[in-house]
1. Only Cα pairs within less than 10 Å get springs; with that Gaussian network setup on chain B, which residue of B:42, B:93, B:129 has the largest fluctuation?
2. How much length is gained if the chain between residue B:114 and residue B:131 is pulled fully straight, taking 0.36 nm per residue apart and subtracting their Cα-Cα distance, in nm to one decimal?
3. With θ set to phi - 60° and the Karplus curve 6.51 cos²θ - 1.76 cosθ + 1.60, what are the ³J(HN,Hα) couplings of the stretch B:68-74 in order, to the nearest whole Hz, using x for Gly and Pro?
4. Can you list, shortest first in nanometers, how far residue A:50 lies from the same residue in the other copies, with each label 7 Å from Cα toward Cβ?
5. Evaluate the relative contact order of chain A (contact order divided by residue number), counting alpha-carbon pairs under 8 angstrom at least 6 apart; express in whole percent.
6. In Å³ and rounded to a whole number, note down the convex hull volume per residue for the Cα atoms of the protein assembly as shown.
7. Would you please give the residues with an amide H less than 5 Å from that of residue B:53, counting only those at least 5 places away or on a separate chain, with H modeled from the backbone geometry?
8. Work out, step by step, the length gained on full extension between residue B:122 and residue B:69: first 0.36 nm times the residue separation, then minus their alpha carbon distance; give nm to one decimal.
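Computed from the coordinates by the stated procedures, all read-outs in this text should not be read as laboratory data. As the structure is a computational prediction, the values presented were derived from the model and not from experiment. FYI the Cβ positions are ideal-geometry reconstructions off the backbone, even for glycines, and counts take in every protein chain you see.
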There are 2 protein chains.
Amino acid sequence: MEEELKLENQLCFSIYTASRLITRMYGKYLDKLDLTYLQYIVMMVLWENEIISVKTLGEKLYLDSGTLSPLLKKLENKKLISKKRNDNDERIVEVIISEKGKNLKNLAADIPENLFRDTGFSAEEYFKVKEITDGFIKKHL
Amino acid sequence: MEEELKLENQLCFSIYTASRLITRMYGKYLDKLDLTYLQYIVMMVLWENEIISVKTLGEKLYLDSGTLSPLLKKLENKKLISKKRNDNDERIVEVIISEKGKNLKNLAADIPENLFRDTGFSAEEYFKVKEITDGFIKKHL
DNA sequence: TAAAATTAAATTGTATACAATTTATTATAA
DNA sequence: TTATAATAAATTGTATACAATTTAATTTTA
């Protein structure tokens, strides 16, 4: 049979599986914070930008309102964010991090180093894969 | 602010984004075959193994019956597979590829090379990332 | 400036992922 | 050999992804 149609030869499947595995690894730390992985990366954006529109948030995460709208509702229910329509343009919804949301950052401070340790990537592997995947993303999005 | 909690510094986010982007790229080819990415990788396993239990299939894809059961129902509805309980152990469900499922392989034959071209990875990048992610998966699953 | 086009979110509908539970069957042990 | 444990799928419930549509607001244009 053609080697090309074998599952084991697909880079796509390796990346897909690695991504799911890493997301599961986050669970160990994020469960304590009552966050999912996606909620965590949204909070990460908000720790860098205390106010951000849904559109800009979506551009940073490459996600649309179909994914973000229900997710932001959950973060709002947890009192980690609030939402407010922009005064000058009512179409725009601004997401605003709350004090509770800001405080969560301290509890999350150790997660990157814990994950790096848990994944077991060498620094070289880490930066090599990141360089290649970031180049790929930049080229196509 | 700590560099470690910046989104742009997370390898995890790069892999997560790359994985989603690649899955979207498959759409262009898989839509013509009326397959989703997950359905495609299940078919890929069946092109290599014409009969396989749900359990073994799950071990190859690192997916459980919660994901596979509804997916296999869809493939059954499309007449690409059939299912049969094992005679010796009624707990086991065998997934059997149909003639229609086998024929689909011809239509899918060009997908790997098309994807490789579309992603724009060099051969070196392709194998480097695959080597590292496969090592990671093997270590943790 | 009023109609048409565009934009930003939200909503709808479909398809994963995955933890947890349930059901049915088989294997094991008291 | 019967109660118990273990196994394999299916089911349930929650949380993404994402295409397509809808709604509301703003811009553009005829």
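1. Comparing B:42, B:93, B:129 in a Gaussian network model of chain B, the most mobile one is B:129.
2. On the way: separation 17, 0.36 × 17 = 6.12 nm, distance 2.10 nm.
Here the answer is 4.0 nm.
3. Calculated HN-Hα couplings, in order: 6, 4, x, 5, 5, 4, 5 Hz.
4. 6.7
5. Rounded, it is 19 percent for chain A.
6. Expressed per residue, the convex hull around the Cα atoms of the protein assembly as shown is 158 Å³.
7. Placed amide hydrogens put B:95 under 5 Å from residue B:53.
8. Working: separation 53, 0.36 × 53 = 19.08 nm, distance 3.69 nm.
Full extension of this stretch gives 15.4 nm more.
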